[in-house]
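Student: Right, I'll just put the structure down here and ask away after.
Every read-out reported here was derived from the displayed coordinates using simple, explicitly stated rules and does not represent laboratory data. What you see is a predicted model, and the numbers here were worked out from it, not measured in a lab. Cβ sites come from the backbone with ideal geometry, for glycine too, and all protein chains shown count toward neighbours.
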């Protein structure tokens, strides 16, 4: 089931890029990010209440709070930079560079999460990196 959600994530991420590129025309990129963030917050809390998950709020550990907050800060920084890059550049060039996050995530997962590093994953990382460079040059 995770693969279905991963594919849906990719589809929605692609839509996000195209819709954002059209939506930020003539709008300050920081303001556009703030508007988008409000929509995401409302949608997220809507899902929490729709699925009756709000009772789990008190069960979140201190460690989880810290890392979720840090993750939120990283997401915010990413979105602010992404929207500015998208406003200044072509979506067909900005998005592939943004997707280098796949390579960076794999490296960080190997180093910090001690996930298995195989030849297959290393070759995949190299191909994604090379493909990105090929698309943006």
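Student: Arranged from highest to lowest average of other beta-carbon atoms within 10 Å per residue, in what order do the peptides 89-102, 30-43 appear?
Tutor: Put in order of decreasing packing, that is 89-102, 30-43.
Student: Mind giving me the nanometre distance, one decimal, between the label points for residue 70 and residue 28, set 7 Å out from Cα along Cα→Cβ?
Tutor: It is 3.1 nm.
Student: Can you give the helix-only mean residue ellipticity at 222 nm for the chain, where every DSSP H stretch with n ≥ 4 adds -39500 (n - 2.57) and the sum goes over all residues, rounded to the nearest 500 deg cm²/dmol?
Tutor: -27000 deg cm²/dmol
Student: Here is a further query. Counting pairs of alpha carbon atoms under 8 Å apart in space and at least six apart in sequence, what relative contact order in percent does the chain give?
Tutor: It comes to 29 percent, rounded to a whole number.
Student: What is the Cα centroid distance between segment 78-119 and segment 5-45, reported in whole angstrom?
Tutor: Comparing the Cα centres of segment 78-119 and segment 5-45, I get a distance of 17 Å.
Student: Say R0 is 35 Å: what FRET efficiency, to the nearest 0.05, do residue 5 and residue 126 get from their beta-carbon distance?
Tutor: Calculated transfer efficiency: 0.85.
Student: As an exercise, take the mean of 1/r over every pair of distinct alpha carbons in segment 2-89, invert it, and state the Kirkwood radius in angstroms.
Tutor: Across segment 2-89, the inverse of the average 1/r is 15.0 Å.
Student: Subtracting the Cα-Cα distance from 0.36 nm times the residue separation, let me have the gained length for residue 109 to residue 136 in nm, one decimal.
Tutor: 7.2 nm
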